[in-house]
Amino acid sequence: MIRRFDAGAAMPATAAGRCAAIFVALAMLVPWCGVANASVPPTPDPSLEAFAHKAMQTFDTPGMALVTVEGDAITTHAWGVRKLGETAAVDAHTIFPIGSNTKAFTTAALAILVDQGKLRWDDRVVDKLPGFRMYDAYASNEMTVTDLLVHRSGLGLGEGDMMMFPTSDRSRAELVHDIRYLKPARSFRGGYDYDNVLYIAAGELVEAVSGQRWEDFIQHHILGPLQMRDTQTSIDARVADQVSLHGKNTTAVRGTGRQAVLSTVMTGNVFAPAGALQTSASDMGHWLQLQLHGGRIDKDRRIFSAISAEALWTPQTLIPIPAAPLPLALAQPQFEAYALGFEVQDYRGHRIITHLGGVLGGISAVVIIPEKQAAFAIMINSEDEGTLFAMREHLLDTYLSLPSPDWIASYKQVIDQRNTAAVEALKANSAVTHAERGPSLPLSGYAGVYRDPWYGTATIGQGKNSAGALTISFDRTPGLHGKLEHVQFDTFRTHWTMPDVEDAYVTFALNPDGSIDQMSMKAISPIADFSWDYQDLHFIPDAAMHSQ
């Protein structure tokens, strides 16, 4: 649920952390420590410790864990606190959500089924997952298992995420059924657009082929054999040594305010195969070691075959590479493609295998450097992509013996410029004069139930009298409701009661007779996370849909 940093776009998949002033008071309270795997005595690295400390101070990051793997050596480091305002320190076994870094576990599960002869990568999904359908008949019939995993389905960026984001009352089976109502943004196999919903279908495919729920299959075939005892397959799991999630959401532009514990976090297991795993630095070391060893645990045991290991890292879909902001040009890849749950790209001329992950309030990065037989994972308990990416680049430069620029300053400059531009854009929008600009109807004329083909219903209500304010409720997303404020003409804006949720414009289009034809939405913030895919919703009055 998170992709490459782009100065002109949001951090995706709920990793929308933004920069703030360097915190001074907090730095005096936060314990900074390094923790190593018991099998590898810690060797202090002053440059790493100093860099991590500076990055976290610069971007106001509460806590971070790092694991590095070199051959058989697994070393963990931890800095900061699990929760702002409390003293419990992050350690090697502190559990962080890893978001879309879960996807590689789902593809590994499918690789196991391929090794067992129960599945082939070129099998048609419809032959293995009864009832699977896309909007387009050709895509429905021809989509292979590989197509399901490599973001070339034709769906738009993040399309359908609000079926599960930030929570939902749907089952996975319901969500997979409703994928058929998602209208594609491009032709099947016509290009790259990152999605999450098809990884839910991949999780259902695991169950259809194996007879085990995705959670049980992952536990039995991957987590158990790797002794990943800290790892939780549910985003709802609550254990003692677990981080709280943080964001800077005290202003209109998400990520530009004061760091605080989030009140709203992602819940529900519907999206588990796409991004629900929670794990520790210690456990991630075992996972990365498995990757470096090509699926082998030891000389006698394997999770998946060497052939499957190669398939997981084989590029499938080219990823367009936008121009990087000048301060970040050195880190811009020249080649990037999506494989099976991983991205394959170059970093300053060296091949790396990587992926990003994010949920509301926490982000992560996985990097594998095949030529060095080394890998690392970074997890933080906030949305501060500056910390994540500066650490990633610093570690890559270190492993590859490359001269390293001041990545902290570079990311801070770019993020500050992006946030300033977003704030100015919102100010310009809010300066619109509302007087004598609608609405076209009395407020009661907008009230009713509206239905989108894939999301379901949203209800527009009104207060007890004719002058009462309009309200909005997303009926398949428990707790997502609030008031509508008139902006101009037939456009309103949301004020959600659920904290930390991106607000949106709500625009009604009228028929010639003055009745409502449709209701559309658009995120207000220009750097809203792509999983707030309001723009993909096309509501019409429910009565009109039933009459069609």
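Going toward the positive end of the dipole of the range 226-306, with +1 on Lys and Arg Cβ and -1 on Asp and Glu Cβ, which of Gly257, Ala306, Ser234 do you reach last? Highest projection toward the positive end goes to Gly257.
Once backbone amide H atoms are built at 1.01 Å from N, Arg437 has Phe489 as its partners under 5 Å, excluding neighbours fewer than 5 places away on the same chain. Placing dummy labels 7 Å off each Cα toward the beta-carbon, the span from Asp122 to Arg229 is 4.5 nm.
Contour minus end-to-end for Thr87 and Leu318, with contour as 0.36 nm per residue of separation and end-to-end as the Cα-Cα distance?
Between Thr87 and Leu318, full extension yields 78.7 nm more.
Each Lys and Arg Cβ is given +1 and each Asp and Glu Cβ -1; about its Cα centre, the chain then shows a dipole of about 160 debye. Once the dipole of the range 115-229 is set up with Lys and Arg at +1 and Asp and Glu at -1 on Cβ about the Cα centre, which of Gly156, Val197, Ala139 lies farthest towards its positive end? In the range 115-229, that residue is Ala139. Prolate is the label for the range 357-475, because the ratio a/c of its alpha-carbon gyration tensor axes (a ≥ b ≥ c) is 1.5 or higher and a/b is greater than b/c. To the nearest 10 square angstrom, how much accessible area does Arg301 have with a 1.4 angstrom probe? Probe radius 1.4 Å; accessible area of Arg301 about 110 Å². Normalised by the number of residues in the chain, the average gap of Cα pairs under 8 Å and 6 or more apart makes the relative contact order 20 percent.
Classify the range 316-367: rounded, prolate or oblate, from the alpha-carbon gyration tensor (a ≥ b ≥ c, eigenvalue square roots; a/c under 1.5 rounded; otherwise prolate if a/b is larger than b/c)? Taking the square roots of the gyration eigenvalues as a ≥ b ≥ c, the range 316-367 is oblate.
How do Ser364, Ser234 rank by accessible surface area computed with a 1.4 Å probe, from largest to smallest? Can you show the working numbers first?
Values: Ser364 0, Ser234 25 Å².
Heavy-atom accessible area, descending, gives Ser234, Ser364.
Exposure check, 1.4 Å probe, all protein chains in place: Lys427 carries approximately 120 Å² of accessible surface. Taking all protein chains as they are arranged and a probe of 1.4 Å, the heavy atoms of Lys183 leave approximately 130 Å² accessible to solvent. Eigen-decomposition of the gyration tensor built on the alpha-carbon atoms of the chain gives equivalent ellipsoid semi-axes of 38, 29, 20 angstrom, largest listed first.
Between Lys427 and Lys372, the FRET efficiency estimated from the beta carbon spacing at R0 = 56 angstrom works out to 0.75. Please list, by residue number, everything in the range 466-500 whose backbone N is under 18 Å from a paramagnetic label point 7 Å out along Cα→Cβ of Ser515. Hits in the range 466-500 for Ser515 at 18 Å: none.
For Ala173 and Lys299 in one chain, what is 0.36 nm times their gap in residues minus the Cα-Cα distance, to one decimal in nm? Intermediate results must be reported in sequence, preceding the final value.
Details: separation 126, 0.36 × 126 = 45.36 nm, distance 3.92 nm.
Taking 0.36 nm per residue and subtracting the Cα distance, the gain is 41.4 nm.
Using Cβ point charges alone (K and R +1, D and E -1), the dipole size of the range 361-490 about the Cα centre works out to roughly 460 debye. Accessible area per residue for the range 459-510 is 44 Å², calculated with a 1.4 Å probe on protein heavy atoms, without ligands, DNA or RNA.
log₁₀ I(q)/I(0) of the range 97-157 at q = 0.25 Å⁻¹, via Debye over equal Cα point scatterers, no solvent, to two decimals? These q points yield log10 I(q)/I(0) values of -1.11.
Around the amide H of Tyr347, modelled in the peptide plane, lie the amide H atoms of Ile352, all under 5 Å away and 5 or more residues distant in sequence or on another chain.
Roughly how many debye, to the nearest 20, is the charge dipole of the range 168-291 about its Cα centre, given +1 on each Lys and Arg Cβ, -1 on each Asp and Glu Cβ, and no other charges? Don't skip to the end; give the middle numbers.
Numbers: 12 positive and 13 negative charges, 108 e Å.
It works out to roughly 520 debye.
Accessible area per residue (1.4 Å probe, heavy atoms of protein chains only) ranks Trp121, Trp454 as Trp121, Trp454, with the largest value leading.
Got a sec? Charge dipole of the chain, +1 on Cβ for Lys and Arg, -1 for Asp and Glu; which of Ser473, Gln488, Phe335 is way out at the positive end? My answer, from the dipole projection, is Gln488.
Classified by the C-alpha gyration tensor, the range 256-364 has an oblate form. Its axis ratio a/c, with a ≥ b ≥ c, is 1.5 or above, and a/b does not exceed b/c. Under the criterion of Cα pairs below 8 Å and six or more residues apart, the relative contact order for the range 165-273 equals 33 percent.
The values are calculated or read from the model by the stated rules, or taken from the named source; none is laboratory data. Everything numeric here is computed off the predicted structure, so don't read it as measured data. Positions of Cβ are backbone-derived with ideal geometry, glycine not excepted, and every protein chain shown enters the neighbour counts. Just the protein is used for accessible areas: all its heavy atoms, side chains included, with ligands, DNA and RNA removed. Shrake-Rupley method; radii C 1.70, N 1.55, O 1.52, S 1.80 Å.
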